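Input: a single structure, listed below in structure tokens.
What follows is calculated from the coordinates using simple rules that are stated; it is not laboratory data. Treat the numbers as computed from the prediction; the structure is a model and nothing was measured. For neighbour counting, all protein chains shown are included, and Cβ atoms are generated from backbone atoms with ideal geometry for every residue, glycine included.
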Amino acid sequence: MVNGQIRLTLQDALTFLYGWSHWHRVVSANPKYYPGKSLFLKGLKAAEKGLMSPCRKTVIHLVKLGKCVSCGLPVPEGSGDHVIPISKGGTQSVENYIPLCRKCNSSKGSKDFLEWWISQGRQIEALNHDALIVYLRLKHRFFLNERTRLAPWYICEAVRQARRIMPRFWIAKKECEAYSLLPLNVTETRYQKLPLGVKFQ
Ligand SMILES: [Zn+2]
């Protein structure tokens, strides 16, 4: 961490968010369930294959739901936008499509989907899990050659937000080393059971 900012390669940031999403999907659906960190580590492992998998089925599922992934309003079929704009390396494929209502669509404009989400001041934990997975897979695929570069600010910010709602001890030094994740500034490894919703800086 440099001046409170997280700096990660695109590959590490996408892997972290994939693992986090795996964990957060379960936690947020079961507020009384307090899973161990194995769920997060399982998610990191799943990211190896997961980030390589196509996301067509998830996109079709989102389209069938007929709801804006941003505000939840019903959207007519075909109303949506590119997850990653063509001008920023996206393609015209079905996978690069996200259902958005007219209002959200025009607010997003030609921004990258996550860049748009984060720059509105919205939190990563409020983002639809399927939409996040679609985003991570696409970003991984379209930026294959840039995975060792530093992740853009909005992805780093998403990681910071995601990490903040995880108990700090989960990201112990040895895991950081094993997954080359956020190795700095992590000292607490003692087990501490914490109520959900406790935020860490
Ligand atoms: Zn909307």
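For Ser53 paired with Leu73, estimate the spin-label separation in nm (one decimal), with each label point 7 Å from Cα along the Cα-to-Cβ line.
It works out to 3.3 nm between the two label points.
Where Rh denotes the Kirkwood radius from the mean inverse Cα pair distance, what is Rg over Rh for region 10-179?
0.95
Quick one: length gained pulling Arg149 to Thr9 fully straight, 0.36 nm per residue minus the C-alpha distance?
49.9 nm
If I model a spin label as a point 7 Å beyond the Cα along the Cα-Cβ vector, how far apart are those points for His129 and Arg25 in nm?
Label-label distance for His129 and Arg25, simple model: 0.5 nm.
What distance in nm lies between label points placed 7 Å from Cα along the C-beta direction at Lys42 and Val94?
3.0 nm
How much net charge surrounds Ile60 when only the other residues with a Cβ under 15 Å from the Cβ of Ile60 are counted, with Lys and Arg +1 and Asp and Glu -1?
Neighbourhood net charge equals +2.
Using modelled amide H (1.01 Å from N, peptide plane; none on Pro or chain starts), what sits under 5 Å from the amide H of Gly80, excluding residues fewer than 5 places away?
Answer set, sorted by chain and number: Leu100.
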